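The structure appears right after this line, and notes come after that.
Throughout, read-outs are computed from the coordinates displayed, never taken from laboratory work. A quick note: this is a predicted structure, and the numbers were derived from the prediction, not measured. Quick reminder, even Gly has a Cβ in these numbers, built from the backbone with ideal geometry, and neighbours come from all protein chains shown.
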């Protein structure tokens, strides 16, 4: 069985501050991991993904995430928050033995001017 | 490019009525999915289809049905709507491999009264 846990349903940061959104997963096999962003009244858009290879993955809009197998984590970071980063962020996992994606419950990011 | 098109964008429906949510993709993806998004619960998979002619049940399939007559279309039907089906519904598609991320439509906001 697979699952995703996102710690913190709401995160607030000041503009220019570090963004850290946490994601832990459980999977019986090496997972494929994804981060998505959702802006109001829109669908989810892919930020970045990890499948194999380098564990530090860079995505769009300056975001990156690091796959840490020993910690079963895939936290999302951005060095300097921008007002336009305010959105809902979802972590997702997919095992390489199936085609079902499992999503976390999401983290709402607020950026304070 | 259109990607995933969902219709309608929003709907108010009386309890007991039936409704079909439409989803069309133009990316020739093999797999398609229906999710519902509810506050605090993230995205939950309703039904999926790995290829035309096949469908499968997700986490919350009760009260919903789907069909996949061709690659591009994946309609979701509520046979007899109930208030608990009030939600935002997202259609998504992906290549069959779990390596590839999902592409999402902009959602249908459905209110059952």
>> Taking beta carbons within 10 Å but only from partner chains, what does the mean come to for residues A:41-50?
In response: 5
> Any idea how far apart residue B:113 and residue B:62 come out in nm if each label point goes 7 Å out from Cα toward Cβ?
Replying inline: 2.7 nm
>> Can you tell me, using C-alpha contacts under 8 Å and at least 6 residues apart, the relative contact order of segment A:31-113 as a whole percent?
In response: 29 percent
> Mind checking the mean number of beta-carbon atoms from other chains within 10 Å of the Cβ atoms in B:80-93?
Replying inline: 1
> Using the 10 angstrom Cβ neighbour count as an exposure proxy, how do B:32, A:83, B:19 rank, fewest first?
Replying inline: A:83, B:19, B:32
> Cα centroid distance between segment A:1-66 and segment B:38-113, in Å?
Replying inline: 22 Å
>> Neighbour counts of other C-beta atoms within 10 Å: give me A:66, A:88 arranged from fewest to most.
In response: A:66, A:88
> Which residue, A:62, A:43, A:16, tops the fluctuation ranking in a GNM of chain A built on C-alpha contacts under 10 Å?
Replying inline: A:43
> At a Förster radius of 35 Å, what calculated FRET efficiency corresponds to the Cβ-Cβ distance of residue A:66 and residue B:79, to the nearest 0.05?
Replying inline: 0.15
